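Heads up: the structure comes next, in structure tokens.
The values are calculated or read from the model by the stated rules, or taken from the named source; none is laboratory data. Predicted model, so just to flag it, every value in this text is computed and none were measured. Cβ: placed from backbone, ideal geometry, glycine included. Neighbour counts: every protein chain shown. Surface areas here come from the heavy atoms of the whole protein model, side chains and all, with no ligands, DNA or RNA. Shrake-Rupley method; radii C 1.70, N 1.55, O 1.52, S 1.80 Å.
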Amino acid sequence: MVDLIVSIWIALPLVIQIGLKIGAIVLPLLAMVAYYTLAERKVIAYMHVRVGPNRVGPKGLLQPIADAVKLMFKEMIIPTNADRYLFIIAPILALVPALGAWAVIPFTENLILTDINASLLYVLALTSMGVYGVVVAGWASNSKYAFLGAMRSAAQIVAYEIAMGFALVGVLMAAGSLNLREIVMAQQGGIHQWYVLPLFPLFMVYLISGVAETNRAPFDVAEGESEIVAGFHVDYSGMGFAVFFLAEYANMILISALTVILFLGGWYPPLPFAPFTWIPDIGWFFIKLSMVAFLFLWFRATFPRYRYDQIMRLGWKVFIPVTLIWIVVIGVARFYTPIGHWFA
Amino acid sequence: MTEIRNYTMNFGPQHPAAHGVLRLIMEMDGEVVERIDPHIGLLHRATEKLAESKPYNHSIGYMDRLDYVSMMCNEHAYVLAIEKLLGVQVPTRAQYIRVMFSEITRIRNHLLWIAAHGLDIGAMAVFLYAFREREDLCDVYEATSGARLHAAYFRPGGVYRDLPEKMPRYASSKVHSDDEIRAKNMNREGSVLDFIESFVERFPACVDEYENLLTDNRIWKQRTVDIAVVSPERALQLGFTGPMLRGSGFAWDLRRKQPYEVYPELKFDIPVGVTGDCYDRYLVRMEEMRQSNHIIKQCVNWLKDNPGPVMLDDHKLTPPSRENMKDDMESLIHHFKLFTEGYSTPPGQVYQAVEAPKGEFGIYIISDGANKPYRLKVRAPGFAHLAALDEMARGHMLSDVVAIIGTQDIVFGEVDR
């Protein structure tokens with residue numbers, strides 16, 4: 001039976017093989033996004049002494065499906081003065097990088113779509129593409145609110161991209177590789193080997209920059225619900241809006257996955273012996289991912305929103321210096337102190 | 001090279017942070033506000049003119065709808081003005097009930113304010129925390145007056161009826177189990193006063209909870225400290241009253257400076273701010289909730305010990321009992337006259353202000369001796385505050401405008417009237 005499946009698989013043309021593999025990643029990912037929105041609404045509701053959605057399906061479990069159906073059948077309004085083509089391209093520009101980056105994410109040691117040798121650079125390049133969707137949307141809408149949102153988003157992402165990049169440099173130095181799989185494998189051997197401990201300041205910077213990068217509360221000035229209403233996507237409706245929504249949540253899951261890979265030991269259990277090893281590798285990966293993803297929701301339920309200039313100050317004056325100093329600390333500690341092996 | 005110019009931006013009236021129907025025309029230099037032009041009048045309902053065409057009693061309901069989040073305080077100013085004009089003295093128990101409900105209203109107003117202000121700045125959690133407590137106060141309103149918002153409970157000569165002996169309870173349903181219903185009905189076993197007392201016991205801890213979320217929150221402080229600073233002198237010149245004036249450090253409270261009802265007998269403090277920024281006004285309002293709670297507690301204790309009439313016995317001014325009407329000719333005539341023609345006031349003019357949650361809410365009546373006012377003018381605190389929006393917001397950023405609208409606690413019912 002297994003032999004038969006393997007032989008059929010090998011007989012398939014390469015294009016179809018790749019297509020199936022992509023489908024196997026993207027479809028569960030979209031389902032995850034859908035249920036992440038439900039989880040968000042439920043988690044925030046319980047934090048706010050509410051109940052959250054509980055009408056559609058048992059315990060509200062079909063709510064994301066209902067939302068998707070509703071958005072699909074809504075008319076997508078294109079404002080008269082908008083730039084038609086850019087207006088339609090923008091949501092796609094936002095979604096594609098958010099999904100494309102998953103191509104190099106190692107779920108376990110062998111479960112990767114493409115194991116390229118500089119996958120970290122690839123991820124960095126793709127995630128910074130996402131901002132074009134936002135900027136183009138803000139420009140194409142031809143609305144002052146959307147334009148303000150786009151400007152805020154552009155400035156914010158430039159600032160935090162740098163902090164994030166420097167945080168990654170620390171990981172690179174410690175792991176000595178640009179390959180995500182090898183970065184995880186360098187953290188093998190239990191929780192004390194995970195980079196979250198030696199690189200703790202970088203971990204914090206990366207996590208917070210990740211929140212800022214995905215335009216989530218308390219850094220959601222690009223959407224700025226109470227000032228610029230919905231910011232860059234204020235003029236979008238129907239599927240255009242839904243695609244932005246998908247992109248935002250896919251990005252959140254992506255940042256969670258990257259945090260797990262870079263700092264939390266990827267698919268490795270916290271301690272490499274019996275009760276912990278009963279859970280399969282991929283299980284550990286998703287457990288950790290859910291915990292980081294939960295943080296995003298927790299932040300949103302708790303914190304007020306930063307002001308635009310305060311975000312800039314935090315990015316440029318706090319995070320970038322912190323990362324720069326810690327990179328030096330890593331370098332010195334690695335070669336001139338007895339605990340150097342810990343940083344490798 | 002083209003010249004770089006400021007651009008104008010339209011804010012509202014359909015805007016989540018506009019607190020109703022505020023419309024702002026903003027001149028912006030990038031994110032920085034250069035000038036704000038508030039447009040009002042979108043909720044104008046001609047309350048003053050309507051009141052001039054109706055007997056005095058008929059306008060109490062309009063007063064509820066002025067500042068529709070501090071209903072009974074508006075009624076309070078109106079009935080006090082009429083009583084002043086008529087020169088009547090209200091029974092003490094009615095005065096205590098009025099003061100108690102004024103303070104309940106103040107807490108309700110401030111709860112809604114902290115909810116909306118928090119949401120404007122992005123702190124979503126406070127919203128429903130505050131609404132949880134507000135719900136109980138709505139129930140108190142409903143139990144006593146029959147309406148959760150627009151009570152029409154204060155009447156010239158007293159209050160519509162005494163506090164009920166029974167607090168309504170939740171009935172079991174298929175959504176809630178019996179245990180849940182029992183837990184919900186725990187503090188509803190006794191009278192309305194018992195329910196208020198249990199609320200008063202519980203409430204300070206709730207205020208602590210809101211303060212936990214906000215007071216020491218770094219982001220909250222960054223968003224409110226040093227935003228829209230108003231000096232005490234300038235606050236006076238701009239006609240600020242209430243928490244807006246006290247936030248600037250000027251201890252002005254009509255409950256102390258021009259006492260009415262039984263306020264002189266009650267103990268409470270007037271919180272004042274130091275710098276006059278949004279954060280100080282926030283702290284002042286939080287403390288006012290605690291002080292109001294303290295006043296309610298004193299009123300509850302007094303009301304429990306002192307039963308008595310809550311309405312004047314002068315049936316030219318107050319309706320006779322329904323029972324008497326059935327077999328007493330005099331009562332029937334009184335009833336008919338009161339509800340058709342009303343009562344006439346002596347000619348003259350009167351101004352009566354109360355310390356409403358938002359500031360000095362005043363009613364000015366000119367009477368020509370008829371059964372309706374010749375002219376009625378409402379002095380709404382929000383109007384003066386909104387007029388200062390331009391000065392307060394100048395040089396701040398777009399996000400701060402939202403924080404400033406929140407700190408002003410604007411309600412359009414009273415601004416537009």
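In region B:170-184, the residues that are over 19 Å from B:ALA143 (Cβ atoms) reach residues that are not in a helix (DSSP H, G or I) with C-beta atoms within less than 6 angstrom, at least six apart or across chains, in these pairs: B:ASP178/B:SER172. Any residue in region A:177-194 that is farther than 16 Å from A:TYR122 by Cβ sitting within a Cβ distance under 7 Å of a residue that is buried (at least 19 other Cβ atoms within 10 Å of the Cβ) and β-branched (Val, Ile, Thr)? List the pairs, counting only those 6 or more apart or interchain. Cβ pairs passing all conditions: none. Within region A:100-111, at least one residue is in a helix (DSSP H, G or I) and of a type outside the set (A, V, I, L, M).
In region B:23-38, which residues are of a type outside the set (Gly, Ala, Ser) and within 13 Å of another protein chain (Cβ to nearest Cβ)?
B:LEU24, B:ILE25, B:MET26, B:GLU27, B:MET28, B:ASP29, B:GLU31, B:VAL32, B:VAL33
I'd like to know if region A:147-160 contains one or more residues that are within 14 Å of another protein chain (Cβ to nearest Cβ), assigned to a helix (DSSP H, G or I), over 30 Å from A:ALA66 (Cβ atoms) and of a type in the set (Lys, Arg). Yes: one or more hits. Elements of the type strands (runs of 3 or more DSSP E) sitting completely within region B:333-417 and holding at least 2 residues that are buried (at least 23 other Cβ atoms within 10 Å of the Cβ): these cover B:348-356, B:359-367.
Residues are listed down the side, and each one gets a yes or a no for (1) open to solvent by less than 10 Å² (accessible area, probe 1.4 Å); (2) free of Cβ contacts under 8 Å to residues at least 12 places away in the same chain; (3) within 14 Å of chain B (Cβ to nearest Cβ):
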{"residue": "A:ALA230", "(1), (2), (3)": "no, no, yes"}
{"residue": "A:VAL243", "(1), (2), (3)": "no, no, no"}
{"residue": "A:ILE253", "(1), (2), (3)": "yes, no, no"}
{"residue": "A:PHE276", "(1), (2), (3)": "no, yes, no"}
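Within region A:285-314, the set of residues being modelled with pLDDT under 85 and away from every other protein chain (no Cβ under 14 Å) is empty.
For region B:91-148, a residue qualifies if it is under 15 Å from the mean Cα position of the chain (by Cα), open to solvent by 10 Å² or more (accessible area, probe 1.4 Å) and away from chain A (no Cβ under 14 Å), and the qualifying residues are B:LEU112, B:ARG148.
Residue under question is A:LEU297, and the condition is that it be part of a helix (DSSP H, G or I) and touching an Asp or Glu at 6+ places or on another chain (Cβ under 6 Å); does it hold? For A:LEU297, the condition - part of a helix (DSSP H, G or I) and touching an Asp or Glu at 6+ places or on another chain (Cβ under 6 Å) - is met. Scanning region B:307-345 for residues being out of contact with any helix residue (DSSP H, G or I) (no Cβ under 8 Å at 6 or more places or on another chain), over 26 Å from B:THR144 (Cα atoms) and of a type in the set (Val, Ile, Thr) gives a total of 1.
When restricted to residues that are of a type in the set (Ser, Thr, Tyr) and open to solvent by 10 Å² or more (accessible area, probe 1.4 Å), region A:255-271 contains 1. Meeting the requirement of 2 or more residues that are open to solvent by 70 Å² or more (accessible area, probe 1.4 Å), the helices (runs of 4 or more DSSP H) wholly within region B:200-281 are B:218-224, B:232-237, B:254-257.
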